[in-house]
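Note sheet for the following structure.
The values are calculated or read from the model by the stated rules, or taken from the named source; none is laboratory data. Just so it is clear, the model here is predicted, and its values are computed rather than measured. FYI the Cβ positions are ideal-geometry reconstructions off the backbone, even for glycines, and counts take in every protein chain you see. Each accessible area value is taken on the protein alone, full model and side chains, heavy atoms only, with ligands, DNA and RNA left out. Shrake-Rupley method; radii C 1.70, N 1.55, O 1.52, S 1.80 Å.
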Amino acid sequence: MKVGILSLQGSFFDHQKSLDLVSLESLLIKTPEDLDKVDGIILPGGESTAMSKISSYNNLYKKLDTKIKQGLPTLSTCAGTIILAKSVIDGDTHIPNIDIEIQRNAYGRQNESFEADVKFLNNNDIYCFIRAPKIIRTLNNDVKVIATQIEDIVGVSQNNIVSLTYHPELTNDNYYLEWLLAFMKEGKYVGSF
Amino acid sequence: MKIESTFKVKKGLAEMLKGGVIMDVVNAEQAVVAEKSGAVAVMALERIPADIRADGGVARMSSVGVIQEVMDAVSIPVMAKARIGHFVEAQILESIGIDFIDESEVLTPADDVNHINKNNFKSPFVCGATGLGEASRRIAEGAAMIRTKGEAGTGNVIEAVKHMRTITNEINEVLTCDTNQLVALSKKFRAPLNVLEMIKELGKLPVVNFAAGGIATPADAALMMQLGCDGVFVGSGIFKSGDPAERAEAIVVATTNYNDPKVLADVSKGLGEPMVGINIDTLTEEEKLAKRGW
């Protein structure tokens, strides 16, 4: 199987490294045609405004939206999660696919960026939050909360999508990597992990 | 448990900017144009480098009012420049919550021996370099991001190319040497040994490296990306050109699709006048900004 990484801008090479570490083949996605060659997709962190502008050059988001709705296993981190959110406070929606309300730069500017302990499924580890967004609330019961940082929701899943607000690709701990492999292979949220 | 501003978090922001274009802006309106055109960050300045060069005199940190106006106008990260060695300008920028500080040779240096100890700050720093020694010294001082110096305000890419090639060649020298040679290389490049050891282990610089200084066209941006940069800074090239919004957008698309000449041809079409350039050999040694930094 081959996993695509949306590569318009952002930390796509870091996600490629994660996939390398679990021996999953990867492809950097820049055109709609590239999407036909992959069995899963990762939307990386970066700037959601820049990515959306760049995507409009070849209408990449339209096909990406279709593929996600058809059930392509989809992982998003940080800006990628803003791109998939159904509701964005003080910002535009892009390809709304996950029923959450999100706030951009919710913790403040870069000086308020931090590392913190996150509970992700059955594991705790320290991850980076960089000018991170915050999931303010889930919009219906189809959305499961799968990661928390104290009382904040920092990761959710819905059908074939897992969306996080932090950066597991900058930590690459074994639990995350094993989960990533299982998620891409199963094609959906791996809750019993 | 929550720890703010660790080196990982500082370096992490630079990682998120990769593959993107950072644009110089002098007011809120330009910042909005830059954001809408797909900039990943903006550099807030009172005067762009081409004007600093034309005006002469001492160039200092921009007025706090201008920087705050830009910070209020956009949702993307905002950077601002402090003079080399001027740690108080950096303290002021940090206190207003700037996202990245550029300790920049474009401004008149405040210290002719020392750079700022960037490890003392919560805000991340980007610094210019002309070779691996300079890049390594800045990293040892705490820089979370490196950029080539190029020759700012000239619209001439030759110096940025030279600096990028030099850094790449010198990294290759570190990667191919045997460990017995590392101390001699550290002496040759005037590069701290521990940074060279990191490079040898990682196979690359430990922080992100952007291109800057003289990039004026989509082709210039793509050239720097093909030479191995992680992203580009465009200073005078956008707002000194005929149609800034269109040029900004074209440079952004070119930076993502740097390996696709068909896309580059398409975005280069009908762009209007680029900024007027300056030939480097018409500059005196004192006029070359890249000479600043130690």
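Below are the figures for this structure:
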{"read-out": "Residue selected from the range B:1-41 under the condition among the acidic types (Asp, Glu) and at the interface with another protein chain (Cβ under 8 Å from one of its Cβ atoms), by the criterion nearest to B:ARG138 (Cα to Cα)", "value": "B:GLU15"}
{"read-out": "Test: residue in the range A:147-159 that is away from chain B (no Cβ under 14 Å), under 23 Å from A:GLY40 (Cα atoms) and touching a residue at least 60 places away in the same chain (Cβ under 8 Å)", "value": "yes"}
{"read-out": "Scope the range B:122-135; condition under 17 Å from B:LYS10 (Cα atoms) and either among the polar types (S, T, N, Q) or open to solvent by 20 Å² or more (accessible area, probe 1.4 Å) (or both); matching residues", "value": "B:LYS122, B:SER123"}
{"read-out": "Filter result (open to solvent by less than 50 Å² (accessible area, probe 1.4 Å) and within 14 Å of chain A (Cβ to nearest Cβ)) within the range B:51-91", "value": "B:ILE67, B:VAL70, B:MET71, B:ALA73, B:VAL74, B:SER75, B:ILE76, B:PRO77, B:VAL78, B:MET79, B:ALA80, B:ALA90"}
{"read-out": "Lone qualifier among B:GLY153, B:GLY142 - being touching a residue at least 60 places away in the same chain (Cβ under 8 Å) and either farther than 24 Å from B:ILE48 by Cβ or open to solvent by 20 Å² or more (accessible area, probe 1.4 Å) (or both)", "value": "B:GLY142"}
{"read-out": "Neighbours by Cβ (under 6 Å, 6+ apart or cross-chain): first from the range B:76-88, touching a residue at least 24 places away in the same chain (Cβ under 8 Å); second open to solvent by less than 10 Å² (accessible area, probe 1.4 Å) and assigned to a loop (DSSP other than H, G, I, E, B)", "value": "B:PRO77/B:ASP99; B:VAL78/B:ASP99; B:ALA80/B:ILE98; B:LYS81/B:LEU107; B:ARG83/B:LEU107; B:PHE87/B:ILE116"}
{"read-out": "Residue in the range A:132-144 that is within 14 Å of chain B (Cβ to nearest Cβ) and either surrounded by fewer than 16 Cβ atoms within 10 Å (Cβ to Cβ) or in contact with a helix residue (DSSP H, G or I) (Cβ under 9 Å, 6 or more places away or on another chain) (or both) present", "value": "yes"}
{"read-out": "Unmet requirement for B:ILE48, which otherwise passes all of (1) in contact (Cβ under 8 Å) with a residue 24 or more places away in the chain; (2) within 14 Å of chain A (Cβ to nearest Cβ)", "value": "(2)"}
{"read-out": "Number of positions in the range B:1-45 that are touching a residue at least 24 places away in the same chain (Cβ under 8 Å), small (Gly, Ala, Ser) and not in a loop (DSSP other than H, G, I, E, B)", "value": "6"}
{"read-out": "Of residues in the range A:88-118 being assigned to a strand (DSSP E or B) and surrounded by fewer than 16 Cβ atoms within 10 Å (Cβ to Cβ), the one farthest from the other protein chains (Cβ to nearest Cβ)", "value": "A:GLU101"}
